[in-house]
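Below is one structure, written out as structure tokens; the observations come after it.
The values are calculated or read from the model by the stated rules, or taken from the named source; none is laboratory data. Predicted model, so just to flag it, every value in this text is computed and none were measured. As a convention, Cβ positions derive from the backbone with ideal geometry for all residues, glycine included, and neighbour counts pool all protein chains shown.
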């Protein structure tokens, strides 16, 4: 049985909470100008921990760093080298990665506002506050950026849209439930079925993950930690764990073309309001209210009883996607499959399925084992909120979008897999040349145009909605390390 | 029936860089062949599914030291391999005839190449037969794949025009309309669906013998196998507990060489090379398992799936250097990371059976447990043994195995006499 996560004073609070009651937030991208000053500021920064959540927190501060930032702070290469490749090369650091993520053409990193070349941030400062408190909070935490050792910060704002994302849909409903108490042992026959209780090590570095192993992170020669700031590595007590109680924070600023979205659907619906909403809901895979399109069946493990109605469902009984289209955004982002989707109950049936005999049609058993590809989402909206009806007549200059933030331990197997194989996968679950109707690039590989969305109908014929333009564009992004508090102190004093 | 062809010749050490430069001129994108390239215009060979040139420069030979062994004079092989319809020798004849000049320029960088020699004979003496060969769908030719893709395109275009009016029609009724449309298109000569030749009696008999022959043989040998099993397992466990795991993270530069050739299409290539663990025990185990694997891929996994994995177009395992080293080469759909995740989550046991006999593979238990389940070590092992494929050709870009399977089922469903409403609904959903 995996151990419980108890070092709550060492874990940044974002792992446990999206700070829902702190409706104001601002994300500052900082570049280091003066290493000594920046280290001193980082060492003293009032970072909110999980333990702090025991009492009401009116404001919160979180800090994350890019690989470039850790280098600028003087973290030795020997320590950095222990991080996984995606973090080291960065979200925009490799053309092959950009191809997989769909960051090509007009969305190529060269055209981003930040996150590329000279626009690469070193430090991400996440500030949250109760209504009316944000400006004061910022003045307290970072009264003078230059004095703190940074260049003039660039700020990414947020807007409280009341739990809706800019297209108008209730958002943030489906989240994995990390197994903080360590009550579930992964890789038992129970995993044949979909479950929402996920090993803590899928989100927190230094703990057992869904394979019962530890994700890649730097475990240091003790000589690099003479002050004994860092904890011993769980899987190798002779080494000090720089990753322990930290996570990887993936940030993507996604501009959403709200007006373009509703106008495109209005054209498809020929002005019929109900049909326009119906198509949008089919594309998203939930009602505007956030209610699912499929009925909940047997309770899903790891979904709280009060959430079962909205989150306690799978798509097992909707194989053709007649209720929730196979290509719908939420179905792509989390297909809710167990390890052996085709298996009947019983050990013999599992064996039969494991040899590949249970799958009948060409689309059976294509997408399995969702538990290895889950993300803790912590994003915030930005820009001007528009109701769907307003969007039809809004000026094109109104900008809004999502400051997409997610936490995961293995960027390649979690965020990048979901983005490339599921959202942007032209053949996802047996679809024929489609990408995610909301977020997808319409050209997943150079010679393939994938700009339709299939809305299945009861007689088997799919309505092919489209051609759809791109509704979401990448404005910037980067991979960060969200360190544990001890690790942050080590980084601030390193080298 | 599809066949695998492969020619391997040792590269002249002084010429490797020039050879890589020459091979790169065949590409449209990094590692991605221009079908009309001047050297070997793969696109003009109508029975060719996939082909590749890969240079087997094995950077893991040092791992042999863990066994007190070495292979100082190991050749660097240039390999031309591919999959075609019909027998492999005929493909080599066609290549030598129609791309002889280009092949001469390429193989001139190999030791022992003789300008004056008969190219075909030279290639034939360097042919390597696979120890095991996987075909996603036995017997499906390039022509059939292309015809069925045209069928799908035609049905889709017709439905884009006429589908709205049929939105509420019964599935069987829609199917009847589509059958009529296809028949008209065929009569007009706009659509071809060449009938599949029915397998003759001897072919059927051979298939039946393949299917039952191996189980019968194993049944006959069962008493001996059962008696020997404890001894085998005892020796196996001794090996498994002592064999070193050598799976350091691959160098960033090596990874970059691999990934820049990836994800230019919905499919990708994979070529990996490494040493078999020294000793007769491991070699014998590996050969027996490859023989069984090969049988399962001829008899059982013949229509669309290798165990639970549907995304592999072709795969082969081939020995080189007198069975000291093993090449694995495949063409598959999606990115390598998802391919590896699929492997681990769906068929870790199958990978372990074969690859645990290679030096450095993550530790297994009784050949099937552990191994690939050690995720990071497995992924590092795979990437470290993978080699850049210099040139890779695919005859049907944009099409994945799921397209091919859906198109084949569409065609089969078209030719079926009758369907009930539910079957027709599922058939229509394939479009």
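So the values come out like this:
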| quantity | calculated |
| --- | --- |
| Selection status of residue A:440, touching a helix residue (DSSP H, G or I) at 6+ places or on another chain (Cβ under 7 Å), touching a residue at least 60 places away in the same chain (Cβ under 8 Å) and facing chain B (nearest Cβ under 9 Å) | no |
| Lone qualifier among A:480, A:453, A:417, A:404 - being closer than 30 Å to residue A:50 by Cβ, within 14 Å of chain B (Cβ to nearest Cβ) and either surrounded by fewer than 21 Cβ atoms within 10 Å (Cβ to Cβ) or in contact (Cβ under 8 Å) with a residue 12 or more places away in the chain (or both) | A:417 |
| Only listed residue being more than 22 Å from residue A:432 (Cβ to Cβ) and touching a residue at least 12 places away in the same chain (Cβ under 8 Å), chosen from A:318, A:339 | A:339 |
| So residue B:306, is it buried (at least 18 other Cβ atoms within 10 Å of the Cβ), within 10 Å of another protein chain (Cβ to nearest Cβ) and more than 30 Å from residue B:20 (Cβ to Cβ) | yes |
| Selection within the range A:355-367 - surrounded by 21 or more Cβ atoms within 10 Å (Cβ to Cβ) and without any contact (Cβ under 8 Å) to a residue 60 or more places away in the chain | A:356, A:365 |
| Some residue of the range A:149-156 being within 19 Å of the chain's Cα centre (by Cα) and either on the phi > 0 side of the Ramachandran plot or modelled with pLDDT under 95 (or both) | no |
| Which listed residue, of B:192, B:170, is more than 14 Å from chain A (Cβ to nearest Cβ) and either more than 30 Å from residue B:378 (Cβ to Cβ) or in contact with a strand residue (DSSP E or B) (Cβ under 6 Å, 6 or more places away or on another chain) (or both) | B:192 |
| Residue A:80 vs. criteria within 17 Å of residue A:480 (Cβ to Cβ), more than 10 Å from chain B (Cβ to nearest Cβ) and surrounded by 22 or more Cβ atoms within 10 Å (Cβ to Cβ) | no |
| Any chance residue A:464 is farther than 16 Å from residue A:107 by Cα, at pLDDT below 95 and either within 9 Å of chain B (Cβ to nearest Cβ) or within 15 Å of the chain's Cα centre (by Cα) (or both) | yes |
| The range A:164-196, subset surrounded by fewer than 18 Cβ atoms within 10 Å (Cβ to Cβ) and on the phi > 0 side of the Ramachandran plot, residue nearest to the other protein chains (Cβ to nearest Cβ) | A:187 |
| Evaluation of residue B:45 against (1) surrounded by 21 or more Cβ atoms within 10 Å (Cβ to Cβ); (2) farther than 30 Å from residue B:400 by Cβ (one fails), failing number | (2) |
| Selection count where residues are touching a strand residue (DSSP E or B) at 6+ places or on another chain (Cβ under 9 Å) and within 25 Å of residue B:61 (Cβ to Cβ), scope the range B:222-247 | 6 |
| Residue in the range B:404-413 that is within 30 Å of residue B:70 (Cα to Cα) and within 17 Å of the chain's Cα centre (by Cα) present | no |
| Counted residues, the range B:243-262 - those being more than 7 Å from chain A (Cβ to nearest Cβ), touching a residue at least 60 places away in the same chain (Cβ under 8 Å) and part of a loop (DSSP other than H, G, I, E, B) | 8 |
| Verdict on residue A:410 being surrounded by fewer than 21 Cβ atoms within 10 Å (Cβ to Cβ) and either within 11 Å of chain B (Cβ to nearest Cβ) or in contact with a strand residue (DSSP E or B) (Cβ under 6 Å, 6 or more places away or on another chain) (or both) | no |
